Amino acid sequence: MDDGVTKFLDICFDNFLVDALVQSRIKQTQQNLSNVKLQVQNTLNQLQNMRNSL
């Protein structure tokens, strides 16, 4: 029975770690996307300003 409990706890612990890592990656990716969105918006604004100055 100990082997079954140990295996169960091992699987639960592994799942917890994987979930934590995945959540961390998701947050990092969301932040990266926000940064890229701001960069694109800034570039579009710069292009619009250049167009208006012609």
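Points worth noting:
- Between the labelled values [x] 81, 15, 5; [y] 82, 10, 5; [z] 79, 7, 5, the entry that holds Cα extents along the principal axes in Å as derived from this structure is [z].
- The Cβ shell under 15 Å around GLN31 holds other residues with a net charge of +3, Lys and Arg each +1, Asp and Glu each -1.
- Projecting the Cα atoms of LEU17, VAL5, THR29 onto the dipole axis of the chain, where Lys and Arg carry +1 and Asp and Glu carry -1 at the beta carbon, places THR29 farthest toward the positive end.
- Excluding ligands, DNA and RNA, the accessible surface per residue across the chain is 99 Å² with a 1.4 Å probe.
- Lys, Arg +1 and Asp, Glu -1 on Cβ, resulting dipole of the chain about Cα centre, debye, nearest 20: 700 debye
- Heavy-atom accessible area, probed at 1.4 angstrom with all protein chains present, ranks SER53, SER24 as SER53, SER24, highest first.
- Dividing the summed -39500 (n - 2.57) terms of all DSSP H runs of n ≥ 4 by the residue count of the chain sets its mean residue ellipticity at 222 nm at -36000 deg cm²/dmol.
- Percent accessible area from carbon and sulfur atoms, the chain, protein chains only, probe 1.4 Å: 59 percent
The values are calculated or read from the model by the stated rules, or taken from the named source; none is laboratory data. These numbers come from a predicted model, not from an experiment. Glycine also receives a Cβ, built like all others from the backbone with ideal geometry; neighbour counts cover every protein chain displayed. SASA here: full protein model, heavy atoms, side chains in, ligands and nucleic acids out. Shrake-Rupley method; radii C 1.70, N 1.55, O 1.52, S 1.80 Å.
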